[in-house]
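What follows is one structure encoded as structure tokens, with my remarks underneath.
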Amino acid sequence: MQAVGAVTLHGCTGGTGDRLPIITLGKEENSLILIQRQVYLNTSGQAELFALSTARGNVLLHEMDDHPSVVRELEETNYFSFRAVSAIQISTTPLADILREFNPHVLLLENQLAELPAQRRYTRGTDHVTVFFGALNRGADWAPLMDALNEVIRVHGERLSFLVTGDRAFYDELRTSRKEFIWGEKDGDPVASYADYTAALHRADIALLPLGDTVFNRAKSDLKFIEAAGHGAAVLASPTVYARTLCDGETGLIYRDVRDFVEKLTLLVTNDDLRIRLAENAYRYVARHRLITQHVESYIAAYRDLFARREELERDRWERMERYFTDLLP
């Protein structure tokens, strides 16, 4: 949006990790202030700062990309971080339905890739297949599959190697020496940088995307699928989340149970034509539909609409404050 001249950005926009001081909320004027995944205490001082900011013509937009149960403090503060802002930005319909309970003004902007990665060139007839897994806090999702995965390794181990980041326990459970763990930039950090994460995906032939069917997981986005597809890895995924996007048998494979997981992973390992066809189809899907440049105009329109409705948003915000946080008001 900045590139097309639709917005002017300032604050923490350079990827430096520096935080914008909270007092800045009270200094800006006529701006859309995007707050990313923060927990604010329900205090009179915080309520006053938000009120000062909106009185100066600002829209407070809180971006959240996970089920709110992930942060215990959100419930403990009566969801002040959602109720006390102007609107909420999310990336999935299930999450929108959940967060409307706290704030009816929900802006749905699906995750997209910032740019299209270079197209892969594949070699048929290879005797080597690389499998990628990269995620945090997914132990409950992959644990039911691990015995089956190790059985596939036992049968096809000479052909298989693994690239893993984020979850050291997953790496340790793999019964093979043909595996590599990609560490983060700091010593002991199990999470690779985004550049190293995507570089590993670009080296992989298959990406595993397991998610158990839970309320928490259903709120997640399909970002890992479009990342894998964009980097040319054939995807084997759970139906939770990914069945909303992935076309089974066309842009990847969906497994329904452990037996199905084994059968479809074996197909991907042994059938080069299938694996490459799925990867190429998925890459075309991303190239045609899931790049940010293809959606930027609609995103700009959505932000402009929010800004045009500042008075309505503030009336509703104030009503929520009076209903849920009367003791914080002057």
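Readers should treat all values here as calculations from the given coordinates under stated rules, not as data from a laboratory. Quick caveat, the model's predicted, so the values are computed rather than measured. With ideal geometry, Cβ positions are generated from the backbone for all residues, glycine too; neighbour counts draw on all protein chains shown.
For the reader, a short list of remarks on this structure follows.
- Farthest toward positive dipole pole in the chain [+1 Lys/Arg, -1 Asp/Glu at C-beta], among Gly139, Leu163, Val129: Val129
- When shorter helices are ignored and each DSSP H run of at least 4 residues is given -39500 (n - 2.57), the per-residue value for the chain at 222 nm works out to -12000 deg cm²/dmol.
- FRET efficiency, 1/(1 + (r/R0)^6) with R0 25 Å, evaluated for Asp305 and Glu115 via beta carbons: 0.40
- Backbone geometry of segment 219-231 corresponds, through the Karplus equation with coefficients 6.51, -1.76 and 1.60 at θ = phi - 60°, to 3J(HN,Hα) couplings of 7, 6, 9, 8, 4, 5, 5, 5, 5, 4, 4, x, 9 Hz, x marking Gly and Pro.
- Overall, segment 129-290 carries a charge dipole of about 320 debye about its Cα centre when +1 sits on the Cβ of Lys and Arg and -1 on the Cβ of Asp and Glu, all other atoms neutral.
- Look at the alpha carbon pairs under 8 Å that are at least 6 residues apart: their mean separation over the length of the chain gives a relative contact order of 17 percent.
- Full extension of the chain between Leu41 and Arg159 yields a length gain of 37.2 nm, computed as 0.36 nm times the residue separation minus the alpha carbon distance.
- Helix 44-55 axis, angle to the chain major axis (alpha carbon atoms, nearest 10°): 80
- Computing FRET efficiency as 1/(1 + (r/R0)^6) for Glu75 and Leu108, where r is the C-beta to C-beta distance and R0 is 30 Å, gives about 0.85.
- Basic side chains Lys and Arg get +1 at the Cβ, acidic Asp and Glu get -1 at the Cβ, and with that the dipole of the chain about its Cα centre reaches some 600 debye.
- Sites matching GluC sites (Glu not before Pro) across segment 208-313 that sit in DSSP coil, with at most 12 neighbouring C-beta atoms within 10 Å: Glu250
- Acute angle (nearest 10 degrees) that the helix 296-308 long axis makes with the longest principal axis of the chain, alpha-carbon atoms: 20
- Added length on full extension, which subtracts the Cα-Cα distance from 0.36 nm per residue, Tyr324 to Glu185: 45.8 nm
- Assigned charges on the beta-carbon of Lys, Arg, Asp, Glu; segment 244-324 dipole about Cα centre (debye): 100
- Angle of helix 139-156 to the longest C-alpha principal axis of the chain, folded into 0 to 90 degrees and rounded to 10: 20°.
- Rounded, prolate or oblate (a/c below 1.5 giving rounded, otherwise prolate when a/b exceeds b/c) for the chain by Cα gyration tensor: prolate
- Tally of Lys pairs whose C-alpha atoms are under 27 Å apart, taken over the chain, 8 or more apart or cross-chain: 5
- Taking each residue as 0.36 nm, the span from Asp260 to Asn150 lengthens on full extension beyond its C-alpha to C-alpha distance by 38.1 nm.
- Averaging Cα coordinates gives a centre for segment 157-198 and one for segment 211-280; these two points are 19 Å apart.
- Sorted largest first, extent of segment 129-290 alpha carbons per principal axis (Å): 39, 33, 31
- Taking all Cα-Cα distances within segment 34-185, those exceeding 21 Å account for 63%.
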